[in-house]
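Novice: So that we are looking at the same thing, I have put the structure below in structure tokens.
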Amino acid sequence: MHAAHTRLDIQAIQASWQTFDAMAHLRPVHTEMEYDRTVGLMNSLLDAVGDDEDHPLSGLLDLVGDLVSRYEQEHHAIEAAEPKDALRFLMDARGLKQEDLSSIIPQSNLSAILAGKRKISATLAGKLGKFFGISPAVFVPS
């Protein structure tokens, strides 16, 4: 355990936040307009981050995905399904086999997800959302 406590430079954070906020306007989502804007931000982040779990923006993508997911759970709630069950349903409904998703996810990883042995990452949730034309939040655990 570290005894030294790191002091935050609040002035530097404030300056950085004001610059960032002017561009992204990141807030908890309360209205459909805010939701649409935040989903747009999430999709732009997904385009930038792609497969790279170590991308400098991956943490921001996780935060934005959480905001979108929280709003959808409160306002667009249908009976919640486990992400793996939603994925299986969509695959079955479209007659897709695991290899049909090989451009998005290696088959071994997909098998592990469908078996409940592996979670769906935010990055993969974004890709699945684009692939199926639905919100990536469907693939984020509630």
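Novice: Quick one: Glu99 ticks every box in (1) touching a helix residue (DSSP H, G or I) at 6+ places or on another chain (Cβ under 8 Å); (2) exposed (fewer than 11 other Cβ atoms within 10 Å of the Cβ); (3) not in a helix (DSSP H, G or I) except a single one, so which number is it?
Specialist: All conditions are met except number (3).
Novice: Restricting the search to region 25-53, which residues are over 16 Å from Gln73 (Cα atoms) and of a type outside the set (A, V, I, L, M, F, W, C)?
Specialist: Those that are over 16 Å from Gln73 (Cα atoms) and of a type outside the set (A, V, I, L, M, F, W, C): His25, Arg27, Arg37, Gly40, Asn43, Ser44, Asp47, Gly50, Asp51, Asp52, Glu53.
Novice: Just to be sure I understand, how many residues within region 131-142 are assigned to a helix (DSSP H, G or I) and buried (at least 19 other Cβ atoms within 10 Å of the Cβ)?
Specialist: The total comes to 5.
Novice: Might you let me know whether region 75-95 holds any residue that is in a helix (DSSP H, G or I) and closer than 16 Å to Thr38 by Cβ?
Specialist: yes
Novice: Give region 106-142 a look and list any residue that's among the aromatic types (Phe, Trp, Tyr) and in contact (Cβ under 8 Å) with a residue 40 or more places away in the chain, or say none.
Specialist: Selection gives Phe132, Phe139.
Novice: Would you say Gly40 is in a helix (DSSP H, G or I), at pLDDT 90 or above and surrounded by fewer than 17 Cβ atoms within 10 Å (Cβ to Cβ)?
Specialist: So Gly40 passes the test.
Novice: Could you please find all residues in region 4-13 being loosely packed, with under 10 Cβ neighbours inside 10 Å and either part of a helix (DSSP H, G or I) or in contact (Cβ under 8 Å) with a residue 40 or more places away in the chain (or both)?
Specialist: If the condition is that a residue be loosely packed, with under 10 Cβ neighbours inside 10 Å and either part of a helix (DSSP H, G or I) or in contact (Cβ under 8 Å) with a residue 40 or more places away in the chain (or both), then Ile10, Gln11, Ala12 are the ones that fit.
Novice: Of the conditions (1) at pLDDT below 90; (2) part of a loop (DSSP other than H, G, I, E, B); (3) of a type outside the set (Lys, Arg), Ile104 fails just one. Which one is it?
Specialist: Just one mismatch for Ile104, condition (1).
Novice: Does Arg70 fit the bill of being charged (D, E, K, R), under 24 Å from Val49 (Cα atoms) and assigned by TED's automatic domain parsing to the domain that holds Asp36?
Specialist: When the stated conditions are applied, Arg70 passes them.
Novice: Which of (1) surrounded by 20 or more Cβ atoms within 10 Å (Cβ to Cβ); (2) closer than 28 Å to Ser16 by Cβ does Leu128 not meet, given it meets every other one?
Specialist: Unmet for Leu128, out of (1) surrounded by 20 or more Cβ atoms within 10 Å (Cβ to Cβ); (2) closer than 28 Å to Ser16 by Cβ: (2).
Novice: Return the total of residues in region 54-80 being closer than 23 Å to Gly116 by Cβ, more than 12 Å from the chain's Cα centre (by Cα) and touching a residue at least 24 places away in the same chain (Cβ under 8 Å).
Specialist: The total comes to 3.
The values are calculated or read from the model by the stated rules, or taken from the named source; none is laboratory data. This one's a predicted model, so the numbers in the text were calculated from it and none came from an experiment. Cβ: placed from backbone, ideal geometry, glycine included. Neighbour counts: every protein chain shown.
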